[in-house]
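Undergrad: Structure provided below as structure tokens; questions to follow.
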Amino acid sequence: MKYFEVTFTTSPCNETVNDIVSALAGEIGFESFVEWEGGVQAYIQQQLFDEEALKEMIANFPLPDTSITYIIKEAEDKDWNEEWEKNFFQPIVIGDRCCIHSTFHKDTPQTEYEILINPQMAFGTGHHESTSSIISELLDADLQGKSVLDMGCGTSILAILASMRGANPVTAIDIDDWCVNNSRDNINLNGIENITVKLGDANLLKGRAPFDVIIANINRNILLADMAQYASCMHSGSELYMSGFYIEDIPIIRKKAESLGMTFIHHREKNNWAAVKFTMK
């Protein structure tokens, strides 16, 4: 699959501006993001790229006095493990219970759960607030013997952790074949045998038996569009964990979930990124 690499130069260049650029770019099809000293590099499938939508995103950028320029080029075929090693992909420890690292890391902390990943792109390593918040939720959840669905699985670290915590069976779905292939590699790397990875979107859920737990770490617009399909695969007592949006987006997410028969349980916040938990009535 061919990708474009779009290099955004932001001014002022800070975490808030770059996070908003990434979030808005995610809403128009960009999938993976790497920060650089001048802004953000973002990756999108060439067939999904719409430069007019990109220009509109920049024109309507919500922060005043912000300058954003960009350069487009075809993404190179790279050894993404080497790229990540060069770009400071460091082990991450969440809740003193889960350590996520790659095979090139040495002397990593000893924790209850150790997840090995070889990321091919920059999304789903646990470093982003949305991913780490869902990991914290899974560390607190009772997953033993429960069926779990990981929508927009990325590297599948959430599916892998769910399996490690006793979930069975586990299904992971992503629209990007790079993610699907990387997920399968990571699952094998961790010796997991009960995760099925599928290429596709929420349409794959039609006619599926209900899941006990659904995880969706994507973005606000996709969550709102697909939530009814998630609900169709839930039974009374099923849990839905969602992230990939901001605290200010919780009301619209909650309104949609409650309209589908769910009950809001709680939310987590990390640097203005939110993760929410719902249960089906």
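Undergrad: Using θ = phi - 60° and the Karplus form 6.51 cos²θ - 1.76 cosθ + 1.60, what ³J(HN,Hα) does each residue of the stretch 146-159 get, whole Hz, x for Gly and Pro?
TA: Those phi angles translate into 9, 7, 10, 10, 10, 8, x, 5, x, 7, 6, 5, 5, 5 Hz.
Undergrad: Quick one: putting +1 on the C-beta of Lys and Arg, -1 on the C-beta of Asp and Glu, what dipole do you get for the stretch 3-77 around its Cα centre, in Debye to the nearest 20?
TA: Once rounded to the nearest 20, the dipole reads 180 debye.
Undergrad: Under 22 Å between alpha carbons, and skipping anything fewer than 8 positions from K277 in its own chain: which lysines qualify?
TA: Excluding near neighbours in sequence, the set is K146, K255, K256.
Undergrad: If you don't mind, another one. Nothing charged except the Cβ atoms of Lys and Arg (+1) and of Asp and Glu (-1): what's the magnitude of the dipole of the stretch 81-280 about its Cα centre? Round to the nearest 20 debye.
TA: Rounded to the nearest 20 debye, it is 500 debye.
Undergrad: Please order S236, S11 by the number of other Cβ within 10 Å, starting at the fewest.
TA: The most exposed by this proxy come first: S236, S11.
Undergrad: Which one of H266, H235, H128 has the biggest mean-square fluctuation once the chain is modelled by GNM with Cα springs under 10 Å?
TA: It is H266.
Undergrad: What does the charge count near Q45 come to, summing +1 for each Lys or Arg and -1 for each Asp or Glu among other residues with Cβ under 9 Å from its Cβ?
TA: -1
Undergrad: With springs only between Cα atoms under 10 Å, which of K198, K270, K206 fluctuates most in a Gaussian network model of the chain?
TA: K206
Undergrad: So if I take the centroid of the Cα atoms in the stretch 129-173 and the same for the stretch 1-56, what is the distance between those two points in Å?
TA: 27 Å
Undergrad: Once the dipole of the stretch 81-280 is set up with Lys and Arg at +1 and Asp and Glu at -1 on Cβ about the Cα centre, which of G207, I157, Q144 lies farthest towards its positive end?
TA: G207
Undergrad: Could you derive backbone 3J(HN,Hα) for the stretch 29-37 from the dihedral phi with the Karplus parameters 6.51, -1.76 and 1.60 (θ = phi - 60°), listing whole Hz in sequence and x where the residue is Gly or Pro?
TA: Per residue, the Karplus-derived 3J(HN,Hα) values read x, 5, 10, 9, 9, 10, 6, 10, 5 Hz.
Undergrad: Give me, ordered by chain and number, the residues 5 or more places off S32 or on other chains with an amide H under 5 Å from its own placed amide H.
TA: For S32, the qualifying residues are Y43.
Undergrad: Around Y246, with a cut-off of 13 angstrom between Cβ atoms, what is the net charge of the other residues, counting Lys and Arg +1 and Asp and Glu -1?
TA: Net local charge, Y246 excluded: -3.
Undergrad: Considering amide H positions built from the backbone, and no H for Pro or chain starts, which residues 5 or more places from S238, or on another chain, come under 5 Å of its amide H?
TA: The answer is M280.
Undergrad: In nm, to one decimal, how far is the N221 label point from the K198 one, both placed 7 Å along Cα→Cβ?
TA: Calculated label separation equals 2.5 nm.
Undergrad: Quick one: plug the Kirkwood hydrodynamic radius of the chain (C-alpha pairs) into Stokes-Einstein at 25 °C, 0.890 mPa s, and report D in µm²/s.
TA: 128 µm²/s
Undergrad: Same structure, new question: What list do you get for M280, M57 if you sort them by fewest beta carbons within 10 Å?
TA: M57, M280
Undergrad: Need the full-extension length gain, E52 to K270, defined as separation in residues times 0.36 nm minus the C-alpha distance. One decimal, nm.
TA: Net length gain for the segment: 75.3 nm.
Undergrad: I want to verify a result. In a Gaussian network model of the chain, Cα cutoff 10 Å, which of these has the top mean-square fluctuation: A162, A216, A202?
TA: A202
Undergrad: Rounded to the nearest 500 deg cm²/dmol, what is the calculated helix-only ellipticity per residue at 222 nm for the chain, with -39500 (n - 2.57) per DSSP H run of length n ≥ 4?
TA: One gets -9000 deg cm²/dmol as the mean residue ellipticity at 222 nm.
Undergrad: For the charge dipole of the stretch 142-281, defined by +1 on Lys and Arg C-beta atoms and -1 on Asp and Glu C-beta atoms about the Cα centroid, which residue among A216, Y246, S236 has the Cα displaced farthest towards the positive pole?
TA: The residue sitting most towards the positive pole is S236.
Undergrad: Whole-Hz Karplus ³J(HN,Hα) for the stretch 92-104, in order, using 6.51 cos²θ - 1.76 cosθ + 1.60 and θ = phi - 60°, x for Gly and Pro?
TA: Whole-Hz 3J(HN,Hα) from phi for the stretch 92-104: 10, 10, 10, x, 6, 10, 9, 10, 10, 8, 9, 5, 7.
Every read-out reported here was derived from the displayed coordinates using simple, explicitly stated rules and does not represent laboratory data. Quick caveat: nothing in here was measured; it's all calculated off a predicted structure. So basically every Cβ, Gly included, is an ideal-geometry build from the backbone, and we count neighbours across all protein chains shown.
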